[in-house]
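One structure is given here, and the rest of the page talks about it.
The values are calculated or read from the model by the stated rules, or taken from the named source; none is laboratory data. In this text the structure is predicted, and so the values were computed from the model without any measurement. No Cβ is skipped: glycine too gets one built from the backbone with ideal geometry, and neighbour counts run over all protein chains shown. When the accessible area is computed, the model is the full protein with side chains, heavy atoms only, and any ligands, DNA or RNA have been set aside. Shrake-Rupley method; radii C 1.70, N 1.55, O 1.52, S 1.80 Å.
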Amino acid sequence: MSSYTQVLVEKGLVTVEDIDTAERLREDQGLRLDQALIQNGALSEQDFLKVMGERLDFEIVDLPNATIEDEAIRSLPSRFVYRNHLAPITRENGTLKVATSDPFDLYVFDEIKLLTGLEVSPVLAPRDEIDKVIKDHYGVGGDTVEEMTGEDDLALTGSEDDSQDLLQMAQEASVIKLVNEIILEAINERASDIHIEPFERTLSIRYRIDGVLQEAAVPPQINRFKSAIISRVKILSNMNIAERRLPQDGRIKFSVGSRQVDVRVSVIPMIFGEGVVMRILDKTNVLYSLTELGLDEETFEEFETLIEKPHGIFLVTGPTGSGKTTTLYAALNAIVGPEKKVITTEDPVEYNLEGVNQIPVDHKVGMSFAMGLRAILRHDPDVVMIGEIRDLETAQAATQASLTGHLVLSTLHTNDAASAATRLIDMGVEPFLVSSTLSGVMAQRLVRVICPTCKTEIKPKDAGLPKSMKWPKDAKVYTGSGCRACRSSGYRGRTGLYELLTMTEELGERITERVAASELVRIGRANGMRLLSEDGWLKVRNGVTTPEEVLRVTAA
């Protein structure tokens, strides 16, 4: 038993049995003993570094809260940093402080000394923290871009007029690796979209995380390879690489570990190249159960009652990106079973639902929502989901399906729940049909959730509450101070705000009279309906989100 493993046993961090198991893993996979202990979960990396810091007299640094100096970053080339998993921290008086997660690799510090002519002060930090610093300061794929910059032929073949050259560039190993790194980083950061936008002198890459766009750290040299990057994305999504004048749509499917991920790709021509938006469809992140949606107990019970009805139309409303489809999928997951036939028509089918028959809309061949719905009704369904009611034809087909004894679930673009009825009437549906078929409407928005790692209590007077709001004296307000886990945003994840309007006899009568939506709101509130903003302030009082988020999505 080596000296450091003896210390680990004496400190009670591992057992002799753990070391025996790790020895076998070390022999099978060619790992060092400490790496085997960490890999099989017998030892945490933090505990190992603490022991080695004591033995080697190395400082252990808190990288997420450390100040990284630009001069230190410029001291080492990105390819060297990525290859050796090092993080330069400070450069002062001829000494470069460098963080490593491998206390045994001392030769690398001799390399740094030869490379920079500086003395090296090694410190220890976990590998994931070091990788985060590298990506933040050298950019996603920084080593790959540096490697590509050295390949003169690759950089010079980016002619916008030569599709063969672009095809050749896009199939270079370095371009393939760079695009893979951009997509993988987005998935690791829980992004829902990747925006690749070419400008005159820069290529912007942004990730939409928790509904808000955030700049991805990329090396400035990446602009030289924008044509190759975009061409690689087009090849992956089976688009015509030679067509740069018209918009194109495609899809990429791949695996990340044990997860199956779909990426929906849209390419649009712009003045400095083609803009790309990739929507990441990760089934593990979107298929929620009803209890995970963020509904309060009373609204949840009402919602559950409405989706269990044998007939009627239930609508989910809100702007694009407010989680309407996610809510409908959660509802279908709750409904589906061997005793019910569930059929959907969607544009496009984003996720495969077990036990649900899903039909894609295809406007190129005339397969619209309305046509799909008429065909669905000949298949004897119990529950029908229409991706969106966009026009009178679809609205009339949904109404007819409801009248013939089917439960119809769909989405509609309105700002609040009450406006759904007036929107259907504006489309041309007769008011008496709306009042007799509509069973309920739920408006929703998504707000970011305060990061649990950096959640802190603040005084209500410092929380940015509206002056008109009467805030309970004993109510607490929380915010996120920003940390590495949430990319310093103070938020991690999202939840919903909900406004559920359940149809009543009085509401039906007023809809038939074509009253304004404001009157329907008044009646709904008299029957206990909670507005979106009210649900938001309730979540603020419960410490789920912040006042800024509620004001951002409800404009209350």
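Scanning region 294-313 turns up at least one residue that is more than 27 Å from Ser436 (Cβ to Cβ) and buried (at least 18 other Cβ atoms within 10 Å of the Cβ).
Please indicate, with yes or no, whether at least one residue in region 249-268 is over 22 Å from the mean Cα position of the chain (by Cα) and either open to solvent by less than 70 Å² (accessible area, probe 1.4 Å) or at pLDDT below 90 (or both). No, region 249-268 contains no residue that is over 22 Å from the mean Cα position of the chain (by Cα) and either open to solvent by less than 70 Å² (accessible area, probe 1.4 Å) or at pLDDT below 90 (or both).
Mind listing whichever residues of region 208-237 are assigned to a loop (DSSP other than H, G, I, E, B) and under 27 Å from Arg487 (Cα atoms)? Scanning region 208-237 gives Asp210, Gly211, Ala216, Ala217, Val218, Pro219. Suppose we filter Leu76, Leu124 for residues that are open to solvent by less than 40 Å² (accessible area, probe 1.4 Å) and more than 23 Å from Phe48 (Cβ to Cβ); which single one remains? The unique qualifying residue is Leu76.
Scanning region 376-388 for residues that are open to solvent by 10 Å² or more (accessible area, probe 1.4 Å) and either without any contact (Cβ under 8 Å) to a residue 12 or more places away in the chain or assigned to a loop (DSSP other than H, G, I, E, B) (or both) yields Arg378, Asp380, Asp382, Gly387, Glu388. Considering region 453-487, the residues that are in a loop (DSSP other than H, G, I, E, B) and touching a Cys at 6+ places or on another chain (Cβ under 9 Å) include one that is most open to solvent (accessible area, probe 1.4 Å), namely Thr453.
Taken as a whole, the structure places Val449 among residues that are in contact with a helix residue (DSSP H, G or I) (Cβ under 9 Å, 6 or more places away or on another chain) and within 25 Å of Tyr288 (Cα to Cα). Scanning region 122-150 for residues that are out of contact with any Phe, Trp or Tyr (no Cβ under 9 Å at 6 or more places or on another chain), more than 27 Å from Gln39 (Cα to Cα) and not in a loop (DSSP other than H, G, I, E, B), we see that the one that is modelled with the highest pLDDT is His137.
For region 275-333, a residue qualifies if it is of a type outside the set (S, T, N, Q), over 30 Å from Ser204 (Cα atoms), more than 15 Å from the chain's Cα centre (by Cα) and in a loop (DSSP other than H, G, I, E, B), and the qualifying residues are Leu293, Gly294, Leu295, Asp296, Glu308, Lys309, Pro310, His311.
For first residues located in region 230-250 and more than 14 Å from Gly273 (Cβ to Cβ), partners that are of a type in the set (Lys, Arg) and lie 6+ apart or on another chain with Cβ distances below 7 Å form the pairs Ser237/Arg251. Residue count for region 41-69 satisfying the condition of being outside any helix (DSSP H, G or I), open to solvent by less than 90 Å² (accessible area, probe 1.4 Å) and farther than 26 Å from Gly482 by Cβ: 4.
When the criteria are applied in full, Thr345 meets the requirement of being open to solvent by less than 60 Å² (accessible area, probe 1.4 Å), outside any loop (DSSP other than H, G, I, E, B), free of Cβ contacts under 8 Å to residues at least 60 places away in the same chain and of a type outside the set (Gly, Ala, Ser). Apart from one condition, Ile271 fits all of (1) under 26 Å from the mean Cα position of the chain (by Cα); (2) surrounded by fewer than 15 Cβ atoms within 10 Å (Cβ to Cβ); (3) modelled with pLDDT of 90 or more; the exception is (1).
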